Amino acid sequence: MRPLKRRRGWARGNRFVYALERLWLRRPVRLFVRVALPAATAFLVAHSWLTRPGVLEGLQERYLAAIDWVENRPEFRIRQMRITGASAELQDDIREILGLDFPASMLTLDLDALEARVAALDAVASARLTVREGVLEISVLERVPAVIWQRRDGLELLDAEGHRVGLLARRALRADLPLLAGEGADRAVPEALGLIEAAGRLAPRIRALIRIGERRWDMLLENGVRISLPEKAPRAALARLLVLDRIHDLLARRISRVDLRVAERPVVRVAPEALPEVFPGMAPKPAVMAQLPSPAADMAALPKGRAAGVSLPVATGTSASASTDSKGER
Amino acid sequence: MTASMFQAQRAMRQKYRQALKRGLFAVLDIGAWKTACFVLRHDEDMRADPLAWQGNLRLEATAVSASEGVSRGEIHDMRRAEKVIRTVIHRAQKEVGECIDHVFVTFGGGNPVSAITAGSTELGGERTREADIADALAACPLPDLGPGRQLLHAQPLHFWIDNRTGLGDPLGQTGQELGVEMHLLAIDLPVFDGVLGCVRNCDLDLCGLTAAGQAAGLGVLTEEERRLGAAVVDIGAGTADIALFFRQHMIHAASVPLGGALVTSDIAYAFDIPFAEAERLKTRFGGCIATSRDDLDEIPLGVEGEWEGERRTTTRSELIGVIAPRMAEILEAVRERLEAIEFYAMPSQRIVLTGGASQLPGLDRMAARILGDQVRLGVPIRIARLPENARGPEFAALVGLVHHVMRPSDEWWDFEGLERRGKGPVRRIVQWLASNW
């Protein structure tokens, strides 16, 4: 048997403390005191304070003021915008599309959205927006127009990849750029540029490149000669034409068309007015307008004025050779 | 016998079912020296150690505190006793983290009186039904237990039908006459009310009150001993409780209002030392039989008071000289009680000593001289999770009470229909309401 210690203490066996402790050991009581009571008290205090007149409005005001204060801190302020890499017109366009008022706060600007908006411009290849020392810097990579694309509803400027850069009011404004025509020409701009490069000494004489059936090119020269290039290896065909031209002075003759679509058998169509000469007894027939896009009136504004009123003539009369693939030309 | 006698017991049985349903309750031993408490959890689904006997009960916590206000088997200061109970329950609750609502109590003393009574009823050749058993129990005459008594136990010992005796369960047997022999145990009503009042004042529900003797018997005696017959003597601080077991049933209980606390006060008087110091000397150096070696053992007496420089010593044999006569007196009183019920005429005379005071060295040899040859010291059977410091013989009654709670003995008031005379449905509704509300 071990001796037991008699412990003393004010709470030892105290009836009130004992009852209180037993109460505390009951789960609902514990939950009530620990959760419900503080929650209810907090709610009541908050409610009675917030429902006093003016408190809620005051809080709102202070909240907004605090937000204002932070946003207008000089660290976050953007005083101006600087656009680099863009032409003056494009700069105006960007300013207009962003529509920002300065000074603005960095916190209220969504740079990503603004960047997307700038990049959505046709003339912009890519844009990057950064804020540095209170200046919104927009560095733009502008698309460079490489060709003019003639469509039914007007002229468009395309870059070297065929992406639209902008509209062009008149052909004469960008006489330095080659002219493309035909459906789907924008998707084959690199090929067209390659052809122009391959044309060599012929290049200055090209009036337009016409996309046929969205698969091959016709080259229209200034003297009205139309060169039909094959779908495959058009550059080789062009080189061959250059050789023919040098040897036979082909393009200087009175012909209306050179058909190179079948490599083994190039065909030359004699110009209608030369027909009686070549084939005595044959009368010239009237030319029929081709179902090609009508040439814009701007053609008249070509520097040399030679194309004024000239449609793209396609003779339908009997030619020296049978047309091999008339279904390609509509 | 009348129904009013066991209304308190019926109410406790109701609480017992509630306690099992709640799943958490405490067993409490209110002693003169210590008040101890085991917290038990009851779970039908729980599969405890299959070898352990406690079935679906699991020990959750233990708490012990020094008792106050209890001595010699009665509560003489209810407020202090309540304080102690509150302290113990507080500690137990703290350990479990839950509120304890139901307690089973074992209490030693209370001047228990045992009586055997018998009654019988006519069967008329029919099969025995439960109503017949109830009739036979109701036919038992109430022996004179003295004034101001409260029945604590009323256990049917065995039944007989005509000339066949020793039936454990007569249900379904046929015969002409069904008889029952019953053991009644009553304690003083003030003691019963005192315990009930203390427990109620602690906001607890009393689910059962068991005599310490029976509890100690269940905690210490082996199955064999209970069947062949044995007496358990639980020598506590305030009382020595005796319970006699035969054929698995307790057939007699008694209590001697002498205990270890008397020994301690004897030492305190003899050496003029404080009570706590006397207790220390008793537990550390005490014994029942002196040897020549003990003359040489010097024991310093710790004295508090003004003689600061003074140091007194005594010898161990002197200490034993104080303890031994008192222990002998207690054992003599026990022997007297055993002789009074003709224990020594029984086939088995096994005596098992347990309780806190049984730890005095040499007590078994002394008891063998006084009580008889077949004496052994009993230690309570093992309970899973019982801490080491609660495994001594002073916890015999408490461990036995756990056993008793798990397998409560059939009591008289467990049989339905004792007070039933009519069988109408209205009567049964009223009865149900009366027993449940």
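The values are calculated or read from the model by the stated rules, or taken from the named source; none is laboratory data. Owing to the predicted nature of the structure, the values given are computational and were not obtained by experimental measurement. In this analysis, Cβ positions are derived from the backbone assuming ideal geometry, glycine residues included, and neighbour counts consider all displayed protein chains. For the accessible areas, the whole protein counts, side chains as well, though only heavy atoms, and no ligand, DNA or RNA atoms are used. Shrake-Rupley method; radii C 1.70, N 1.55, O 1.52, S 1.80 Å.
Matching residues to (1) at the interface with chain B (Cβ under 10 Å from one of its Cβ atoms); (2) touching a Gly at 6+ places or on another chain (Cβ under 8 Å); (3) in a helix (DSSP H, G or I):
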site: A:GLY13; (1), (2), (3): yes, no, no
site: A:VAL17; (1), (2), (3): yes, no, yes
site: A:ALA39; (1), (2), (3): no, no, yes
site: A:ARG52; (1), (2), (3): no, no, no
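Residue by residue through the range B:119-152, note down the ones that are among the hydrophobic types (A, V, I, L, M, F, W, C) and under 29 Å from B:THR174 (Cα atoms).
B:LEU123, B:ALA131, B:ILE133, B:ALA134, B:ALA136, B:LEU137, B:ALA138, B:ALA139, B:CYS140, B:LEU142
The set of residues from the range B:131-163 being of a type in the set (S, T, N, Q) and assigned to a loop (DSSP other than H, G, I, E, B) comprises just one member, B:ASN163.
Here A:ARG82 qualifies as at negative phi and either surrounded by 12 or more Cβ atoms within 10 Å (Cβ to Cβ) or not in a helix (DSSP H, G or I) (or both). Among residues of the range B:217-232 that are among the charged types (D, E, K, R), those with a Cβ under 8 angstrom from a residue that is assigned to a helix (DSSP H, G or I) and modelled with pLDDT of 90 or more, sequence gap 6+ or separate chain, pair up as B:ARG226/B:GLY217.
Set side by side, the residues A:ALA146, A:ALA116, A:ALA172 differ, and just one is aliphatic (A, V, I, L, M), modelled with pLDDT of 85 or more and outside any strand (DSSP E or B), which is A:ALA116.
Mind checking whether some residue in the range B:312-332 is among the polar types (S, T, N, Q), out of contact with any helix residue (DSSP H, G or I) (no Cβ under 7 Å at 6 or more places or on another chain) and closer than 26 Å to B:TRP33 by Cβ? No; the residues of the range B:312-332 include none that is among the polar types (S, T, N, Q), out of contact with any helix residue (DSSP H, G or I) (no Cβ under 7 Å at 6 or more places or on another chain) and closer than 26 Å to B:TRP33 by Cβ. Of all the criteria given as (1) on the phi > 0 side of the Ramachandran plot; (2) exposed (fewer than 14 other Cβ atoms within 10 Å of the Cβ), the one not satisfied by B:ASP203 is (2). Taking the range A:36-63 as the range and being open to solvent by 70 Å² or more (accessible area, probe 1.4 Å) and of a type outside the set (A, V, I, L, M, F, W, C) as the test, the residues that pass are A:THR41, A:HIS47, A:THR51, A:ARG52, A:PRO53, A:GLU57, A:GLN60, A:GLU61, A:ARG62, A:TYR63. Suppose the filter is touching a residue at least 24 places away in the same chain (Cβ under 8 Å) and under 22 Å from B:ALA240 (Cα atoms); does B:GLY109 pass it? Judged against the criteria, B:GLY109 is a match.
Among the conditions (1) open to solvent by 40 Å² or more (accessible area, probe 1.4 Å); (2) at pLDDT 75 or above; (3) out of contact with any Asp or Glu (no Cβ under 8 Å at 6 or more places or on another chain), the only one that A:VAL268 does not satisfy is (3).
With the structure loaded, tell me whether B:ASP135 is modelled with pLDDT of 85 or more, closer than 20 Å to B:ARG10 by Cα and surrounded by 20 or more Cβ atoms within 10 Å (Cβ to Cβ) or whether it fails that test.
No; evaluated as a whole, the condition is false for this residue.
Please verify whether B:GLU339 is buried (at least 24 other Cβ atoms within 10 Å of the Cβ) and assigned to a helix (DSSP H, G or I), treating the condition exactly as stated.
No; evaluated as a whole, the condition is false for this residue.
Being in contact with a Pro (Cβ under 9 Å, 6 or more places away or on another chain) and closer than 19 Å to A:VAL135 by Cβ holds for only one residue in A:ILE78, A:ILE94, and it is A:ILE78. When A:ARG79, A:ARG62 are checked against the criterion of being away from chain B (no Cβ under 14 Å), touching a Phe, Trp or Tyr at 6+ places or on another chain (Cβ under 8 Å) and among the basic types (Lys, Arg), a single residue qualifies: A:ARG79.
Selection of the range A:193-244 for residues being of a type in the set (Gly, Ala, Ser) and either buried (at least 16 other Cβ atoms within 10 Å of the Cβ) or not in a helix (DSSP H, G or I) (or both) yields A:ALA198, A:ALA199, A:ALA208, A:GLY213, A:GLY224, A:SER228, A:ALA233, A:ALA237. The lone criterion from (1) farther than 30 Å from A:LEU25 by Cα; (2) within 14 Å of chain A (Cβ to nearest Cβ) left unmet by B:GLY146 is number (2).
Among (1) more than 14 Å from every other protein chain (Cβ to nearest Cβ); (2) over 25 Å from B:LEU152 (Cα atoms); (3) modelled with pLDDT of 85 or more, which single condition is B:ARG47 missing? Answer for B:ARG47: the failing condition is (3). Please go through the range B:345-384 and give me each residue that is surrounded by fewer than 16 Cβ atoms within 10 Å (Cβ to Cβ), outside any helix (DSSP H, G or I), more than 12 Å from chain A (Cβ to nearest Cβ) and out of contact with any helix residue (DSSP H, G or I) (no Cβ under 6 Å at 6 or more places or on another chain), ordered by number. Scanning the range B:345-384 gives B:PRO347, B:ASP373, B:GLN374, B:ARG382, B:ALA384. With respect to the conditions (1) surrounded by 23 or more Cβ atoms within 10 Å (Cβ to Cβ); (2) outside any loop (DSSP other than H, G, I, E, B); (3) touching a helix residue (DSSP H, G or I) at 6+ places or on another chain (Cβ under 8 Å), B:SER120 lacks only one, and its number is (1). Would a scan of the range A:119-133 turn up a residue that is touching a His at 6+ places or on another chain (Cβ under 9 Å), closer than 30 Å to A:ARG164 by Cα and not β-branched (Val, Ile, Thr)? Checked against the condition, which is being touching a His at 6+ places or on another chain (Cβ under 9 Å), closer than 30 Å to A:ARG164 by Cα and not β-branched (Val, Ile, Thr), the range A:119-133 yields at least one hit. Considering only residues in the range B:54-102 that are more than 8 Å from chain A (Cβ to nearest Cβ), over 18 Å from B:LEU189 (Cα atoms) and among the hydroxyl-bearing types (Ser, Thr, Tyr), the one that is least open to solvent (accessible area, probe 1.4 Å) turns out to be B:SER67. Scanning the range B:168-180 for residues that are open to solvent by 60 Å² or more (accessible area, probe 1.4 Å) and either under 27 Å from A:ARG22 (Cα atoms) or in a strand (DSSP E or B) (or both) returns B:THR174, B:GLU177.
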